[in-house]
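Reading through the structure tokens given below for one structure.
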Amino acid sequence: NLTRLHVSSLRDNQSHALIMADFVVLRSSGHSGSAWLGEIISSQNVTFLFEFSGRCAARYPSMRNASLGTLFANSCGCSSIRKRAGQRDLMHAYVKHALCSGMCKRESSGCVGVSMLANYATAFVNRLVHERSRTNFSVVTFERDNSVKQAVSKLRTYCQHLGSHLPSNHQSAQPQKNASAAFLYIEPALLRAQAMDNAFGRLDMMREVKEAFSSHGNDSGIQYELHYEELQREPAREVSKLLRAVSANSFTEPASTIVKSTPEALRSYLLNYEELQLSFTDQPCLQRMLAAVDPQSFPRDCVDITNGRKKKAKYDAYARLLRCRGGDTCQAETKGDSEHECTFEDWNMCRKALAASAAGSRYRGAVDVELCTLRTAA
């Protein structure tokens with residue numbers, strides 16, 4: 001039973017000791033719904049350490065080499081006094097800094113456990129194997145099954161850095177309708193490369209975690225395999241199953257101020273949707289992922305990996321943001337460049353976006369059209 005006993009509860013009430021559930025959430029990469037997951041976990045009175053791999057920065061020497069056991073013991077109920085000006089305090093975004101600096105503000109409500117989420121890495125997995133021999137905590141994996149939608153979510157950030165109105169995957173409130181329609185064009189080779197890397201990342205994570213723990217006689221070492229799509233479909237059911245798996249002894253209806261702000265149907269804002277579908281002809285699973293109009297589960301071996309891969313490859317994208325008004329004005333913006341007049345090719349892309357806006361129901365009636373094009377960086 002991978003739990004720890006909260007000592008203060010024993011002192012307060014010997015007959016009603018509170019069992020604390022500590023667990024590490026491993027993900028293969030970002031843009032997997034981690035922000036939303038963090039808020040849901042936090043709603044269960046579990047202190048959530050976002051993107052924290054158990055190492056405090058060098059500027060906090062007293063905690064720099066703290067064990068996971070020490071970090072778990074000092075984290076429960078920790079919150080941050082510091083807030084981001086004008087923004088919500090994203091999933092206790094500053095909690096890890098408060099923990100490492102010894103500046104925790106303790107919450108009055110009862111804490112039932114601690115969770116830290118981090119990208120899986122060989123060194124961190126080996127540390128988990130080593131430290132679990134002396135510290136009781138659970139290991140949970142978190143996967144986004146739809147590698148294509150995850151790729152779109154990652155690549156879209158290049159557009160958002162240019163000020164695009166394309167919404168983030170999750171936002172803290174229901175986004176207001178913009179006067180301009182927002183579309184996305186992604187070069188097929190770029191989307192394929194990123195989607196394949198996401199699919200391989202899922203396989204790598206599960207293989208490496210299971211092999212590391214099994215080599216030390218701990219079976220797979222994983223207490224629960226959590227999937228973003230299953231969490232979307234039935235959040236209460238999945239959170240309840242997760243808490244039971246990590247031996248938490250309480251459950252409340254999941255709550256979150258974050259909403260899914262991008263439509264599940266990629267066709268509604270991918271300008272070259274048909275072109276992308278054709279480009280995946282040799283990868284039927286990627287075609288189904290692209291076409292999914294609701295949260296669907298896909299097995300890890302769904303994508304054909306027989307054609308090889310580039311291990312941990314990084315695919316840089318070149319983003320160009322086009323703003324078209326009424327069919328007679330077009331301005332273009334790229335990273336580091338101010339707005340300037342559109343090229344002939346830009347105008348052609350803008351006309352396609354204007355036609356899509358007129359034909360679609362999502363942005364019908366919009367006066368302005370915005371299009372972000374993403375291509376592989378030279």
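The values are calculated or read from the model by the stated rules, or taken from the named source; none is laboratory data. These numbers come from a predicted model, not from an experiment. Note that each Cβ is placed from the backbone with ideal geometry, even for glycine, and that neighbours are counted across all protein chains shown. Accessible surface is based on the protein model in full, side chains and every heavy atom, while ligands, DNA and RNA are left aside. Shrake-Rupley method; radii C 1.70, N 1.55, O 1.52, S 1.80 Å.
Scan the range 180-208 for residues that are of a type in the set (Phe, Trp, Tyr), assigned to a strand (DSSP E or B) and surrounded by fewer than 24 Cβ atoms within 10 Å (Cβ to Cβ) and jot them down.
Residues of the range 180-208 of a type in the set (Phe, Trp, Tyr): 183, 185, 200.
From what is left, the residues that are assigned to a strand (DSSP E or B) are 183, 185.
Scanning the range 180-208 gives a single hit, Tyr185.
With the requirement that a residue be in a loop (DSSP other than H, G, I, E, B) and farther than 13 Å from Asn126 by Cβ, what does the range 209-228 give you? It would help to see each step written out before you state the result.
Of all residues in the range 209-228, those in a loop (DSSP other than H, G, I, E, B) come to 215-223.
Gly217, Asp219, Ser220, Ile222, Gln223 - these are the residues of the range 209-228 that are in a loop (DSSP other than H, G, I, E, B) and farther than 13 Å from Asn126 by Cβ.
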**Message:** Of all residues being open to solvent by 40 Å² or more (accessible area, probe 1.4 Å) and under 18 Å from the mean Cα position of the chain (by Cα) in the range 209-233, which is nearest to Ser115 (Cα to Cα)? Just the residue, please.
**Reply:** Glu225
**Request:** Hey, could you check the range 49-70 for residues that are in a loop (DSSP other than H, G, I, E, B) and among the hydrophobic types (A, V, I, L, M, F, W, C) and say which is surrounded by the most Cβ atoms within 10 Å (Cβ to Cβ)?
**Result:** Phe50
**Request:** Sort out which residues of the range 118-156 are among the basic types (Lys, Arg) and under 18 Å from the mean Cα position of the chain (by Cα), and write them in order of number.
**Result:** Arg144, Lys149, Lys154, Arg156
